[in-house]
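To keep things clear, I will list the structure first and then write my remarks on it.
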Amino acid sequence: MRPSDAFAQLGRIKPREMSLRDMFQRVVDLAGASIPAVTEASVTVLQGADAHTPAYTGGLALTLDESQYTLGEGPCLQAARATTVESVSDMTTESRWPGWTAGALRAGARSSLSIGLPVHATGGALNLYATDPHVFDADTLAVAQAFASYATLAMAIDHLNDARVTLSQHLDAAMDGDAVIEQAKGIIIGERRCSPDQAFAGLTTMARDTNRTVREVAQAMVERISETAGR
């Protein structure tokens, strides 16, 4: 499956008619099926000091997530807590979380990519795991960030229903900084099968043609995808 086909499927989903767990499961299933480098995928959600994995594609992903929760450290926890992107290109040379990487190697993992989900009052991360090293390149990151934007949207809608805060506040948080540009680049890469540089060039052209900034064009693109997913 191509990423563009996966995004088309996600775009037809109505998040308000699907539970948050089911939406997360759909995101990880499609990410795992459409990103060649990925062996298994999962979503981490933080609730206060507690972390859990509501969706995963296999036992390896669940094991790698839960070992981080037990140790209190690891790339998915760091990404969820700080809303960052944490890439482990090779478990054998990674030095930040030695306790976790040793167990990950024993489980058969060699690399990972975790993308923080920026949603008001909640932490989360989309986690991708691979049994080969050095597989998460710039193209893969851009596509993964587009998948993460759907998980972010699902969390935002869930909080909207539970806490009665506006969706725009959540989207504003999700679009803080340059993250929205990376999300838009991921959408373009998935649709056009182009490189990150070509995707950014496309955003630049659209900005020039419409007399807007690149960030304004990117935000409009991500909002369009979000609105389509919510119909």
Quick check on my filter: what residues within the stretch 81-108 are touching a strand residue (DSSP E or B) at 6+ places or on another chain (Cβ under 9 Å) and free of Cβ contacts under 8 Å to residues at least 40 places away in the same chain? 82, 84, 86, 88, 94, 96, 97, 101
What number of residues within the stretch 91-136 satisfy the criterion of being outside any helix (DSSP H, G or I) and either among the β-branched types (Val, Ile, Thr) or under 15 Å from the mean Cα position of the chain (by Cα) (or both)? 21
Being touching a helix residue (DSSP H, G or I) at 6+ places or on another chain (Cβ under 7 Å) and not in a loop (DSSP other than H, G, I, E, B) is the filter here, so list the residues in the stretch 7-25 that pass it. 7, 9, 10, 11, 15, 16, 20, 23, 24
So residue 129 ticks every box in (1) touching a Gly at 6+ places or on another chain (Cβ under 6 Å); (2) surrounded by 24 or more Cβ atoms within 10 Å (Cβ to Cβ) but one. Which box is left unticked? (1)
Qualifying residues in the stretch 182-231 (those that are polar (S, T, N, Q) and farther than 22 Å from residue 117 by Cα) - the one modelled with the lowest pLDDT: 195
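Within the stretch 93-100, does at least one residue satisfy the condition of being within 19 Å of residue 55 (Cβ to Cβ) and hydrophobic (A, V, I, L, M, F, W, C)?
Scanning the stretch 93-100, I find no residue that is within 19 Å of residue 55 (Cβ to Cβ) and hydrophobic (A, V, I, L, M, F, W, C), so the answer is no.
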Apart from one, (1) within 23 Å of residue 11 (Cα to Cα); (2) part of a loop (DSSP other than H, G, I, E, B); (3) at pLDDT 85 or above all hold for residue 176; the odd one out is (3)
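The values are calculated or read from the model by the stated rules, or taken from the named source; none is laboratory data. Because the structure is a prediction, the values reported are computed rather than measured. Cβ coordinates were reconstructed from backbone atoms using ideal geometry, including for glycine residues, and neighbour counts include every protein chain displayed.
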